[in-house]
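Remarks on the structure that follows.
The values are calculated or read from the model by the stated rules, or taken from the named source; none is laboratory data. Note that the coordinates shown come from a computational prediction; the quantities given were computed from them, not determined experimentally. All Cβ positions, even for glycine, are placed from backbone atoms using ideal geometry, and neighbour counts span all protein chains on display. Calculation scope for accessible area: heavy atoms of the full protein, side chains included, ligands and nucleic acids excluded. Shrake-Rupley method; radii C 1.70, N 1.55, O 1.52, S 1.80 Å.
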Amino acid sequence: MSAPNKSYDPVEVEALKPEEIERMRDEALAAFAAAGDLDALAHAKTAHTGGTSPLALANREIGALPPQAKAAAGKLVGQARGVVSKALAARQTELEADRDARVLVEEAVDVTLPYDRVPAGARHPLTTLMERVSDVFVSMGYEVAEGPEVEAEWFNFDALNFVPDHPARQMQDTFFVQGTSAEGTATTGDESGVVLRTHTSPVQARTLIDREPPVYVVCPGRVYRTDELDATHTPVFHQIELLAVDEGLTMADLKGTLDHMVQALFGPDMKTRLRPNFFPFTEPSAEMDMLCYVCRGESVGNPDRPCRTCGSEGWIELGGCGMVNPKVLVACGVDPEKYSGFAFGFGIERMLMFRHNVDDMRDMVEGDVRFTRPFGMEI
Ligand SMILES: [Zn+2]
């Protein structure tokens, strides 16, 4: 406490009353204690020790005091400011230590975590299904044969006994590739004689020209037709086709091969049936159905057990087949008197749809990993 002063008592200056100074000091201490982090403390520091803080303003008042009162008032304010700045430094140290400890925990790197674990991803189910079907035939001694996707019209149509005015040869069904004529000018549309293959059958013709029978090949591949992309059509799709040419082959061999294929893919009690049809490159030709693999035919005439997969028909249409037309054998240089053959082809997309309940063909081509991932990493 300062000594009484007759001419000017510092206690009478409002800002310099001891209880006021105490209040300012205690407010500063409380603000520092309440600051939860260094930012909050910086604000409290400005408010309580800055040039416009109450204690700084009180300090300024001292200048106006008479000399004999200055010492006592200065001591009072100086002590308060000393306590405040000590408390500030202590809180600063405390909060910095907190921050450093938190950073050590939050930014810690666990060096024991695996660094080389990447998601396995998945192969496209069209690829795995095509390989799986091919494997069935490879295990029977067939070879996998491939051919170009940009194909000569002759291989795609003529060699396979498509007549010149066959509707499939029209531009509304087939992509023709623009070419260059002998004179160097661009040829348009169907003048070029080059198409995107509309089926995998030209691989049959190429194989028969390339090698002597016996020939046993399976031809998986991409084919093209001028369809719009929708739930059941796509302009690019996949087929798998097989061709066997040997001495003495009959429809019975074809039927046995098809039965083996569906049993290998869908289970031992599967069956196939053939219905007469027409294709230019086989004679006789047939549509091939397989027993519905869900109801095994038990939904037929049984309203209590309807089957969504086959529409309670009991059978699922799979593809076309038949004995290789002798005209195709002749076109490919094979003696039809000595050799006969059978061929069979079907669409992979369609099989994937009914085998895995895929409702929309667009899911297969949009490249969304959420579609492929559930099929897993089947190799
Ligand atoms: Zn069924």
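Worth a mention:
- Nearby lysines by direct alpha-carbon distance to residue 75 (threshold 25 angstrom, same-chain neighbours under 8 apart not counted): 6, 17, 45, 86
- The 1.4 Å probe gives accessible areas that order 241, 153, 298, 183, largest first, as 183, 298, 153, 241.
- Over the chain, Cα pairs under 8 Å with separation of 6+ residues give a relative contact order of 15 percent.
- Relative to the Cα centre, the charge distribution of the chain, modelled as +1 at Lys and Arg Cβ and -1 at Asp and Glu Cβ, gives a dipole magnitude of about 1840 debye.
- C-alpha center-to-center spacing [region 232-275, region 284-346] in angstrom: 7
- Looking at the chain, the DSSP beta bridges with both ends there are about 95 percent antiparallel.
- Computed over protein heavy atoms with a 1.4 Å probe, the carbon and sulfur contribution to the accessible area of the chain reaches 53%.
- Unpaired by the 4.7 Å Cβ criterion, cysteines found in the chain: 219, 321, 332
- Model label points for residue 102 and residue 43, set 7 angstrom from Cα along the Cα-to-Cβ axis, are 1.4 nm apart.
- Assuming charge only on the beta carbon of Lys and Arg (+1) and of Asp and Glu (-1), the dipole of region 202-290 about its Cα centre is about 60 debye to the nearest 20.
- Charge tally for residue 24 (other residues, Cβ to Cβ under 14 Å; Lys, Arg +1; Asp, Glu -1): -2.
- With contacts taken as Cα pairs under 8 Å and at least 6 residues apart, region 296-379 reaches a relative contact order of 19 percent.
- P(r) of the chain over all Cα-Cα pairs, binned every 20 Å from zero, in whole percent: 20, 31, 10, 10, 15, 12, 2, 0
- Probe 1.4 Å, protein heavy atoms only - accessible area per residue of the chain in square angstrom: 55
- Excluding same-chain neighbours fewer than eight residues apart, the lysines reachable from residue 255 by a Cα-Cα span under 30 Å are 271, 327, 338.
- Accessible area, probe 1.4 Å, largest first, for residues 206, 23: 23, 206
- Extreme residue, positive dipole direction of the chain, given options 205, 68, 125 (C-beta unit charges): 68
- Kyte-Doolittle mean at least -0.5 and Cα axial length at least 20 Å: DSSP H helices in the chain: 18-34, 67-106, 251-266
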